[in-house]
1. Would you mind classifying segment 150-234 by shape? Square roots of the alpha carbon gyration tensor eigenvalues, ordered a ≥ b ≥ c; an a/c under 1.5 is rounded, otherwise it is prolate if a/b is larger than b/c and oblate if not.
2. Give me the dipole magnitude in Debye, nearest 20, for the chain about the Cα centre, with unit charges on the beta carbon: positive for Lys and Arg, negative for Asp and Glu.
3. Please return the longest stretch of the chain lacking exposed loop sites, where trypsin sites (Lys or Arg not before Pro) count only if DSSP places them in a loop and at most 11 other Cβ atoms lie within 10 Å.
4. What chymotrypsin sites (Phe, Trp or Tyr not before Pro) does segment 135-234 have in DSSP loop regions with at most 16 other beta carbons within 10 Å?
5. What does the charge count around Asn171 come to, taking other residues whose C-beta lies under 14 Å from its C-beta (Lys +1, Arg +1, Asp -1, Glu -1)?
6. Among Gln106, Val161, Ala134, pick out the residue whose Cα is farthest towards the positive end of the charge dipole of segment 105-163, where Lys and Arg carry +1 and Asp and Glu carry -1 on C-beta, about the Cα centre.
7. Take the alpha-carbon centre of segment 44-103, take the same for segment 133-210, and report the distance between them in whole Å.
8. Compute the signed sum of charges (Lys and Arg +1, Asp and Glu -1) over the other residues within less than 12 Å, Cβ to Cβ, of Ala216.
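A short reminder: the numbers here are calculations on the coordinates, not readings from a lab. Because the structure is predicted, anything quoted here is derived from the model rather than measured. Cβ placement follows ideal geometry from the backbone for every residue including glycine, while neighbour counts extend to all protein chains displayed.
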Amino acid sequence: MTSYRVLEGITRAARTQELEFAGDGVLLSGQIDYPDSHQSHYPLIFVLHNAGCDARDGYQHYADIGLECGYAVFRWDKRGTGRSGAGARGSTTQDAVNAYEIALEQPGVDRKRAVIIAQGAGTAMLGSSFGLFARVQHPYGVILATNMLDEAAITAIDAPVHIVMGQHDWNPWQKYGKAACDAHNAAYRHGASFYVAPFADRTLRLSSSVPPVFHAGIKTVMRDWLLELCSGSH
């Protein structure tokens, strides 16, 4: 059991808790947002970050989608970003597993309906360490945004999968979208699916817009997939 303490917080959600919790030798900071509805338990979205220095605020678009669909959403600052501490020692994978554990412990969360949204390098981490996350709680579903798992690597994820990619990602969507989806469907009966966003870049934004905006088509397909998953039709 990982210890943590709750802090006061403000967000766009109906209710938010700011959290501090132990990573692997470093103190991490995050938050859980609850939707504007009256339920005793909510399905959960856990955001697994891309590589780089982006903190939790860089994933507000996922929080907005999740809250709209009736999910509680957990985001956190990786070590060295936002309000989290920095440290050269320790495993960033273990940091993420600790964060997942903390997310599942929050009041009002239905831990059996936990969905992981992994982006970029986060998809690679999830593929290589799926067993660590599954031992804490087997995911109810997984969204692979800007997927980096090929046909062989994606079969590590034994859960319903939805892949979203930009048309102009530097990784070809034919391999990391369609072929990966086909390989997952050949290995499991979960019913994997994929979507390629026209004109979107690797960040799933329209770079032609100033400033770049998150692709509207991705919002729609993610929302539809999350609502269908939450309805229990999978």
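1. oblate
2. Computed about the Cα centre, the dipole is about 100 debye.
3. 90-188
4. Trp170, Tyr188, Phe199
5. Neighbourhood net charge equals -1.
6. Farthest along the dipole direction, towards plus: Gln106.
7. 19
8. Within the 12 Å Cβ shell, the charges total +3.
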